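Have a look at the structure below before the remarks.
The values are calculated or read from the model by the stated rules, or taken from the named source; none is laboratory data. Note that the structure is a prediction, hence the values are computed from the model and not measured. Counting neighbours? That spans all protein chains shown, and the Cβs are built from the backbone with ideal geometry, glycine included.
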Amino acid sequence: MKPPVFEYASPRSVAEAAALLGAHGGEAKLLAGGQSLMPLLAMRLARPSLLVDLGRIAELDYVRDDGGEIAIGAMATKTTVERSALVRERQPLFHHATRLIGHPQIRNRGTVGGSMAQADPAAEYPAAALALGATMRIAREGGERSVEAADFFLSALTTALEPGEVLTEVRLPRLAPGTGWSVLEVSRRHGDFAIAGTAVTLSVEAGRIASARIVLFGVAPSPLRVRAGEEALVGERPGPAAWELAAEKARTAAEEPLSDPHASAEYRRHLAAVLVARALTEAARRAGASS
Amino acid sequence: MTRSPAEERPSAAARRIRVTVNGLAHEALVEPRTTLADFLRGDLGLGGTHLGCEHGVCGACTILLEGRTVRACLMLAVQADGRRLTTIEGLGHEGELHPIQQAFVEEHGLQCGFCTPGFVMSVHELLELHPDPSDEEIREFLGGNLCRCTGYKAILRSVRLAARRLREARAPGAAPAEEA
């Protein structure tokens, strides 16, 4: 398996990368950590005429506190995020999601921006971004824009990124104090793609659920918010009855999961429901509510 | 067999790269599409980096990039320009195996040996990060390396033995490691 012929450029700045994309349009492809793109090249499922390697752009490799939000440069590796005390302490859901991604050898190269832009249906980061209300910062030649996670993931392997655009930063808003969280998945082996998974947040006030966010991954073309389940929880007492209610909404929301050799659509629906109930139980415990 | 236009493109211009592999500086011209694994094996003649799946699943081609494990089939040689690499050839010498390699020999951590270079490199990083790893940490860290012979039990024993020996070698008052 050898990649097809392509030209290669390694710009030193975002502006230079955006200019290259502007000049080559849809014929060019961005190379971040390469942990998804390199297999696609090896199998010749991707045939760009130009590969624009973002690996030499030092300005895209950071994790920092930016006015209370956490700003993660698109080229920060998963290992960088995994070892970031800032992410672990302030966005434990994102930290935990990182540990579920691939293997250490993959996380050493794979980047935050790469996973978001790849938008694999079974990927953890897009679901985490949606659960946490992340914002994507995007650069193009002569301009910049921001897109909410809810508007960024359009379908399988498809995002709001236009051909001339570069994802530069993922911003995680502050998690409200006392918010419980959980991210769970089932895979054949630790580090494999998830058969199904969920990322949830939950807040409890005066013994009642004040707000909830439930996102599924691996059961739809893109991360799926279970709004019916979120709404059903508000005002309920945290506990098995509430979790079962949300789990049923998750089962319904997962309308047409993939059937493949790893799992049938029905099994994926089943997993979605079971994992949502487990995740909410865990989130409630972390939120300090007895359940 | 029909050929797509992409395959009819002429080779892209070769690029000059400089890499340090196992302590030796190399300068070479490589085509952009050359993977790092093919460069190490074909251009530098370092055949110890094995290629199993060539798309990032099996872990046989695991090497160290600046001391961290990476899959050499999921990198282009041009991406390694200016970087420091270590392959299995850089760990031990003939007649003087690295303690990790020695542990694999003694605990039968290999049968056919095809996956072994990748395992040894992964274990190298694992023991740097966790000198006294739990079985769960070993299993999780080596989850990205496939072995079809051993059933992994002997590999686990090999890692435990290597970890103990490396800890003893590093402990204060211990005889200095021969590698140092």
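Given the conditions (1) farther than 17 Å from A:P104 by Cβ; (2) among the small types (G, A, S); (3) crowded, with 24+ Cβ neighbours inside 10 Å, report the number of the one that B:A60 does not fulfil. All conditions are met except number (1).
When you go through (1) farther than 17 Å from A:R225 by Cβ; (2) out of contact with any helix residue (DSSP H, G or I) (no Cβ under 9 Å at 6 or more places or on another chain); (3) modelled with pLDDT of 95 or more one by one for A:Q105, which number turns out not to apply? Condition not satisfied by A:Q105: (2). If you go through segment A:84-114 and keep only what is of a type in the set (S, T, N, Q) and either within 14 Å of another protein chain (Cβ to nearest Cβ) or on the phi > 0 side of the Ramachandran plot (or both), you end up with A:T98, A:Q105, A:N108, A:T111. Looking across segment B:20-40, the residues that are within 14 Å of chain A (Cβ to nearest Cβ) and part of a strand (DSSP E or B) come down to B:L29, B:V30, B:T35. Here A:R140, A:R90 are screened, and the one residue that is touching a Lys or Arg at 6+ places or on another chain (Cβ under 8 Å) and of a type outside the set (S, T, Y) is A:R90. Taking segment B:79-180 and the helices (runs of 4 or more DSSP H) fully enclosed by it, the elements with 1 or more residues that are within 30 Å of A:L37 (Cβ to Cβ) are at B:116-129, B:135-141. Taken together, B:E107, B:E94, B:E66 contain a single residue that is away from chain A (no Cβ under 14 Å), over 9 Å from the mean Cα position of the chain (by Cα) and at pLDDT 95 or above, which is B:E107.
Residues of segment A:66-83 include none that is on the phi > 0 side of the Ramachandran plot and within 13 Å of chain B (Cβ to nearest Cβ).
Taking B:G52 as the residue in question, decide whether it is touching a residue at least 24 places away in the same chain (Cβ under 8 Å), closer than 22 Å to B:A163 by Cβ and in a loop (DSSP other than H, G, I, E, B). So B:G52 does not fit the description; no.
Pairing each residue of segment A:244-270 that is part of a helix (DSSP H, G or I) with any residue that is among the β-branched types (V, I, T), provided the two are 6+ apart or on different chains, yields C-beta distances under 6 Å for A:A246/A:V276; A:A247/A:V276; A:K249/A:V226; A:A250/A:V226; A:A250/A:V276; A:A253/A:V226; A:R268/A:V219. Inspect segment B:76-96 for any residue being free of Cβ contacts under 8 Å to residues at least 60 places away in the same chain and of a type in the set (D, E) and give the result as yes or no. Looking through segment B:76-96, at least one residue is free of Cβ contacts under 8 Å to residues at least 60 places away in the same chain and of a type in the set (D, E).
Name the single residue that is farthest from the other protein chains (Cβ to nearest Cβ) among those in segment A:1-49 being in contact with a Pro (Cβ under 6 Å, 6 or more places away or on another chain) and surrounded by fewer than 17 Cβ atoms within 10 Å (Cβ to Cβ). Restricting to residues being in contact with a Pro (Cβ under 6 Å, 6 or more places away or on another chain) and surrounded by fewer than 17 Cβ atoms within 10 Å (Cβ to Cβ), the top hit is A:G25.
Within segment A:137-163, can you find the residues that are of a type outside the set (K, R), more than 14 Å from A:S222 (Cβ to Cβ) and crowded, with 18+ Cβ neighbours inside 10 Å? A:I138, A:A139 - these are the residues of segment A:137-163 that are of a type outside the set (K, R), more than 14 Å from A:S222 (Cβ to Cβ) and crowded, with 18+ Cβ neighbours inside 10 Å. Out of the residues in segment B:41-60 that are more than 10 Å from every other protein chain (Cβ to nearest Cβ) and touching a helix residue (DSSP H, G or I) at 6+ places or on another chain (Cβ under 6 Å), state the one that is farthest from B:L146 (Cα to Cα). Step by step, filter segment B:41-60, then rank; the result is B:L46.
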